[in-house]
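Beneath this line is the structure, given in structure tokens, with notes to follow.
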Amino acid sequence: MSKIKKVNSYWELGCHVADIVEHTLTLPEPKLILPTGSTPIGLYNELVNRQLDWSNVTTFNLDEYIINPNHPQSYHSFMKKHLFDRIDIYPNNCNFPDRNTQAYEDIIPEIDLCILGIGSNGHIAFNEPGSSFDSVTRVVDLDKQTIEDNSRFFDSIDDVHKQAITMGLKTIMKSKKIVLIANGVHKYKILNVAMNGGVTEKVPASILQEHNNVEVYYCD
Ligand code: PGA
């Protein structure tokens, strides 16, 4: 059986994963790792619509550019716009990596649910191809492919940030449950390589094959 669960629409993708988040939010003090990018926007809209209780939830974002957090292109701003300003979460419970990478690594507790997207080069968070499976939170140079992919969010490719801070692959793998989401036919090839090909640092997402509680949702 394929490890990739294909759903019929982007809306359904959001609903399936929102069901998993909603279930996790029934825990006493849920701890989540959250992604940015275009793929989770439908999920975040669905979560907002469900009017859940986020007062006991703590979140940790996967990554952030090296940028002023108030900058409109920062992932802080993204998360506020698409989720945090629309739910009843305490701002102090929303954590992002910064230059003090070791401090971030140290505060990440046992995570109940980690939601990930996948880059067209197989990255998860900003763990680009060649990242060590033992990597932890650190500053990284972005891959040429990632800079090109992300240029759609900026006026020009020169404006795309070339460095970021990311959780490591080892950090991500410690989560109790991981859900990977991908939207669009352009993602299918790399998703298939990651989930059904060899486990290799050349394809960072392939490490997920070694986790015992991963779900992968895809829509084209
Ligand atoms: P996307 O990015 O959701 O914008 O496709 C995913 C990623 O690069 O992790």
Here the averaged projected area of region 1-113, based on the convex hull of its alpha-carbon atoms and given in nm², is 8.1 nm²
For region 102-172, the Cα-Cα pair-distance distribution in 5 Å bins from 0, as whole percents, is 3, 16, 25, 24, 16, 10, 5, 1
Cβ-based net charge around Glu22, under 13 Å, with every Lys or Arg adding one and every Asp or Glu removing one | -3
In units of 2.2 N^0.38 Å, what is the alpha-carbon radius of gyration of region 1-60?
-> 1.19
Of every Cα-Cα pair in region 130-220, the percent that sits beyond 23 Å = 32 percent
Using a 10 Å cut-off on Cβ atoms, rank the peptides 13-25, 188-200 from the highest mean neighbour count down.
-> 13-25, 188-200
Order by protection proxy (mean Cβ within 10 Å, highest first), peptides 32-43, 73-84 = 32-43, 73-84
If you wrap a convex hull around the Cα atoms of region 160-203, how much volume per residue is inside, in Å³?
-> 128 Å³
Local charge sum around Ile66 (other residues, Cβ-Cβ under 11 Å, Lys/Arg +1, Asp/Glu -1)?
-> -2
What does the convex hull of the alpha-carbon atoms of region 61-220 project to on average, in nm²?
-> 9.4 nm²
Here are some pairs, Lys144/Lys189; Lys81/Lys202; Lys5/Lys80; Lys3/Lys176; which of them have Cα atoms lying more than 25 Å apart in this structure?
-> Lys81/Lys202; Lys5/Lys80
Mind running the shape call on region 43-97? Use the C-alpha gyration tensor, a ≥ b ≥ c as the square roots of the eigenvalues: rounded below 1.5 for a/c, prolate if a/b tops b/c, oblate otherwise.
-> prolate
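Rule-based calculations on the coordinates, nothing more; no lab input. The structure presented is a predicted model; accordingly, all values stated were derived computationally and were not measured. So basically every Cβ, Gly included, is an ideal-geometry build from the backbone, and we count neighbours across all protein chains shown.
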